[in-house]
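Asks: One structure, pasted below without further comment.
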Amino acid sequence: VHVVESGGGLVQPGGSLRLSCAASGEDITLYDIVWYRRAPGKQRESVASIPVFGWSDYADSVRGRFTISRDNAKNAAYLQMNDLKPEDTAVYYCNSRGESFAWGQGTQVTVSS
């Protein structure tokens, strides 16, 4: 599976962005999908996940502000990010829970006034 992340950009604190993850090469319907991020000087971390069935899960740092979703018909996943904070600045990636997809280039999110 190859993924292309998009939707990042520069936004002021308190702003919103919606990230998209477009997958190709295989149907991702049967995969749990995870959004990861890597901030400057830090290790990659999982921020949100959505299973094939069941409830989504979020890192404590984004719970209540971020919402993960998926559109199986479009073979895509999304991350709605509200009330963005400077500490959300990172490159965001999507992958399966087992990191079995080829990593995309990610999409840069910069939160700054």
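Asks: Output the number of the condition that residue 58 fails; it satisfies all remaining conditions of (1) touching a Cys at 6+ places or on another chain (Cβ under 8 Å); (2) free of Cβ contacts under 8 Å to residues at least 12 places away in the same chain.
Replies: Going through (1) touching a Cys at 6+ places or on another chain (Cβ under 8 Å); (2) free of Cβ contacts under 8 Å to residues at least 12 places away in the same chain one by one, residue 58 breaks only (1).
Asks: Let me ask you something else. Condition (residue is open to solvent by 70 Å² or more (accessible area, probe 1.4 Å) and either closer than 20 Å to residue 27 by Cα or assigned to a strand (DSSP E or B) (or both)) applied to the range 78-99: is it met by at least one residue?
Replies: Within the range 78-99, one or more residues are open to solvent by 70 Å² or more (accessible area, probe 1.4 Å) and either closer than 20 Å to residue 27 by Cα or assigned to a strand (DSSP E or B) (or both).
Asks: Continuing with the same structure: Regarding residue 13, is this residue touching a Pro at 6+ places or on another chain (Cβ under 8 Å) and open to solvent by 20 Å² or more (accessible area, probe 1.4 Å)? Break it down into steps so the answer makes sense when it comes.
Replies: Details: touching a Pro at 6+ places or on another chain (Cβ under 8 Å): yes; open to solvent by 20 Å² or more (accessible area, probe 1.4 Å): yes.
Yes: the conditions hold for residue 13.
Asks: When you scan the range 21-74, how many residues do you find that are assigned to a strand (DSSP E or B) and open to solvent by 30 Å² or more (accessible area, probe 1.4 Å)?
Replies: So the answer is 11.
Asks: Another one. (1) among the β-branched types (Val, Ile, Thr); (2) without any contact (Cβ under 8 Å) to a residue 24 or more places away in the chain; (3) touching a strand residue (DSSP E or B) at 6+ places or on another chain (Cβ under 7 Å): which one isn't true of residue 34, the others all being true?
Replies: (2)
The values are calculated or read from the model by the stated rules, or taken from the named source; none is laboratory data. Values in this document were obtained by computation on a predicted structure and should not be read as measured data. Here the Cβ is made from the backbone with ideal geometry for all residues, glycine too, and neighbour counts use every protein chain on show. Areas reflect the complete protein model, heavy atoms only, side chains present, ligands, DNA and RNA absent. Shrake-Rupley method; radii C 1.70, N 1.55, O 1.52, S 1.80 Å.
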